[in-house]
Amino acid sequence: MVSGLCLMDRPREAEDLVLGLQPSGFEYKSIVYGYGRLGLFNDMNRVVDEMERNGFAVDTVCYNMVLSTYGIHGEHVEMVRWLRRMSNSGVPFSVRTYNSVSNSCPSITRMTRDLSKLALLSISELKEGLEGGEGMVVRELLLLGSCGILEEVMVWDSSEVKLDLHGFHLASAYLIVLLGLEEMGR
């Protein structure tokens, strides 16, 4: 019921439903995402804090939900703050973290829309070319999360290098390819 109410954009009713009960982590995350999708960030942050107070870890999934909702609303400064919080907490970045960030960057999405016209840049050229909030959030993502994600998706052996791009959206796959090329150059 909690998840259903949140999907119907009624997170306040969902939260009221669990008052006096011991909600699960799943229910907390549903409420967090419900508030975030509506742009009710004070409520979303309050529920994240309550979740932590009640002994539930803010895990990769929860961070990605928060990042995604800030991205939907173009709140790049808050995305940077949450990326730093995620990194400082030792919570690993995931494919979805990259998807959440790249989905909030229309410039990268436009670049990858027509692959026949895509001019492969370097990471440094991409960082220089992105302006404002998009540039800020992509630079932070690459600064904090590039090593961990490459270890997860890049396979080196004596005869080849492979990137596993399963689960990446096109814009985040583009970021990973650029990171992979930079790593191979080193």
Convex hull volume of region 1-104 per residue (C-alpha atoms, cubic angstrom): 89 Å³
With every protein chain in place, region 61-172: carbon and sulfur % of accessible area (1.4 Å): 53 percent
Accessible area expressed per residue, the chain, with surrounding protein chains retained (probe 1.4 Å, Å²): 52 Å²
When the convex hull of its Cα atoms is projected in every direction, mean area for region 129-169 (nm²): 4.0 nm²
Region 89-186: C-alpha gyration tensor shape, a/c 1.5 cut-off, then a/b vs b/c: oblate
Estimated D of the chain in µm² per second, where Rh is the Kirkwood radius over Cα pairs and Stokes-Einstein applies at 25 °C, 0.890 mPa s: 140 µm²/s
Listed residues THR109, THR97, THR69, most fluctuating in the chain (Gaussian network, C-alpha, under 10 Å): THR109
The chain - mean residue ellipticity at 222 nm from DSSP helices (-39,500 (n - 2.57) per run, n ≥ 4, rounded to 500): -21000 deg cm²/dmol
Span from the region 111-181 Cα centroid across to the region 19-38 one, whole angstrom: 32 Å
Rounded tilt (10° steps) of 76-88 against the dominant C-alpha axis of the chain: 90 degrees
Acute angle (nearest 10 degrees) that the helix 132-153 long axis makes with the longest principal axis of the chain, alpha-carbon atoms: 80 degrees
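The values are calculated or read from the model by the stated rules, or taken from the named source; none is laboratory data. Owing to the predicted nature of the structure, the values given are computational and were not obtained by experimental measurement. Protein only, heavy atoms only, side chains kept; ligands, DNA and RNA dropped before computing areas. Shrake-Rupley method; radii C 1.70, N 1.55, O 1.52, S 1.80 Å.
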